[in-house]
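Chemist: Here's a structure for you.
The values are calculated or read from the model by the stated rules, or taken from the named source; none is laboratory data. Note that the structure is predicted; figures quoted are calculated from it, not measured. Methodologically, a virtual Cβ is constructed for each residue, glycine included, from the backbone with ideal geometry; neighbour enumeration extends over all protein chains shown.
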Amino acid sequence: MPWGWGESQDAHNQVYNQGGGYDDPNNQAKFSHELVAGGAAFEGFKLYEDHQRKEGKPVEHAFAKELLMGFVGGEVDKLAETKGMNAYDRERAHHQAKENASHMYDEHYVRGQNADNYDPNQYGPPQQFQGGYGNY
């Protein structure tokens, strides 16, 4: 079952803040693929939001999810390389992170706001990115 916002935000905090992100010199292979997937889904979603809000253009949900999956996949790759994940766990993390991000996207934009498409001019970012974490 995919993780939602709360679980992914907690995982992000553990992987990026408490255990160091991909630029931490003390990286260790101590995180499970689930934890890496949750953290990468959250970080990738944030990077996607930043990019799309800067662009300011509405896009269809299917295209938005394709872009989102690219950002999420990149975060998994960065973490997998620096955390010393083996190939099997890396693939598991990729799969779960994309599942998590898709679930989070649907939860916020499709079900949460009943949006016809992703339109940064009409719909606000997820509340988890407002305040302390985001620039919104």
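Chemist: Run residue 10 past the list (1) at pLDDT 90 or above; (2) among the acidic types (Asp, Glu); (3) surrounded by fewer than 17 Cβ atoms within 10 Å (Cβ to Cβ) and report the number of the one that doesn't hold.
Modeler: Every condition holds for residue 10 apart from (1).
Chemist: Would you check if there is a residue in the stretch 85-101 being within 20 Å of residue 17 (Cα to Cα), over 17 Å from the mean Cα position of the chain (by Cα) and in contact (Cβ under 8 Å) with a residue 24 or more places away in the chain?
Modeler: Yes, the conditions are met somewhere in the stretch 85-101.
Results for (1) in contact with a Ser or Thr (Cβ under 7 Å, 6 or more places away or on another chain); (2) among the hydroxyl-bearing types (Ser, Thr, Tyr); (3) closer than 17 Å to residue 9 by Cβ, shown as yes or no for each residue.
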{"residue": "35", "(1), (2), (3)": "no, no, yes"}
{"residue": "50", "(1), (2), (3)": "no, no, yes"}
{"residue": "74", "(1), (2), (3)": "no, no, no"}
{"residue": "77", "(1), (2), (3)": "no, no, no"}
{"residue": "82", "(1), (2), (3)": "no, yes, no"}
{"residue": "90", "(1), (2), (3)": "no, no, no"}
{"residue": "116", "(1), (2), (3)": "no, no, no"}
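Rundown of residues vs (1) exposed (fewer than 14 other Cβ atoms within 10 Å of the Cβ); (2) in contact (Cβ under 8 Å) with a residue 12 or more places away in the chain; (3) out of contact with any Lys or Arg (no Cβ under 9 Å at 6 or more places or on another chain), yes/no style:
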| site | (1), (2), (3) |
| --- | --- |
| 38 | no, yes, yes |
| 46 | no, yes, yes |
| 60 | yes, yes, yes |
| 72 | no, yes, no |
| 76 | no, yes, no |
| 104 | no, yes, yes |
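Chemist: Inside the stretch 79-103, can you point out the residues that are in contact with a Gly (Cβ under 9 Å, 6 or more places away or on another chain) and modelled with pLDDT of 90 or more?
Modeler: The first filter runs over the stretch 79-103 and keeps only residues in contact with a Gly (Cβ under 9 Å, 6 or more places away or on another chain), leaving 79, 82-83, 94, 96-98, 100-101, 103.
Residues satisfying the conditions are 94, 96, 97, 98, 100, 101, 103.
Chemist: Looking only at the stretch 102-115, filter to residues that are farther than 17 Å from residue 42 by Cα and hydrophobic (A, V, I, L, M, F, W, C); which one of those is farthest from the chain's Cα centre (by Cα)?
Modeler: It comes out as 115.
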